[in-house]
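Pasting a structure below so you can have a look.
The values are calculated or read from the model by the stated rules, or taken from the named source; none is laboratory data. Here the structure is a predicted model, which is why all the values come from computation and not from measurement. Accessible surface areas use protein heavy atoms only, side chains included; no ligands, DNA or RNA. Shrake-Rupley method; radii C 1.70, N 1.55, O 1.52, S 1.80 Å.
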Amino acid sequence: LRCCTAASVVTDGSGAAADERSLYIMRVVQIAVMCVLALTVAFGIFFLGCNLLIKSEGMINFLVKDRRPSKEEEAEV
């Protein structure tokens, strides 16, 4: 982060240090926001997948219970 920029060469360095610090803080805030967004999307996909899995399992159980043996099978028994 400590390199010669055009602002630090022209000025005495007091303003450049504040600019460099604000740029560093902005970069850290951007990274933090992107991490939060990425985690939100990951958890959203995870919970949506779990919800769909639970719903599909419930539908499968409902369809299995709904099936009745055919008349041909009843006649053989």
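On alpha-carbon atoms, Rg over Rh for region 22-67 using Kirkwood Rh?
Rounded to two decimals, Rg/Rh equals 1.49.
Excluding ligands and nucleic acids, what accessible area in Å² is computed for Val41 using a 1.4 Å probe, to the nearest 10?
About 90 Å², ignoring ligands and nucleic acids.
Could you rank Lys65, Lys55 by how accessible they are, 1.4 Å probe, largest area first?
Accessible-area ranking of Lys65, Lys55, largest first: Lys65, Lys55.
Length gain on complete extension for the stretch Asp19 to Asn61, per 0.36 nm per residue less the alpha carbon to alpha carbon distance?
8.8 nm
For region 22-67, with every protein chain kept in place, what is the accessible area per residue (1.4 Å probe, Å²)?
95
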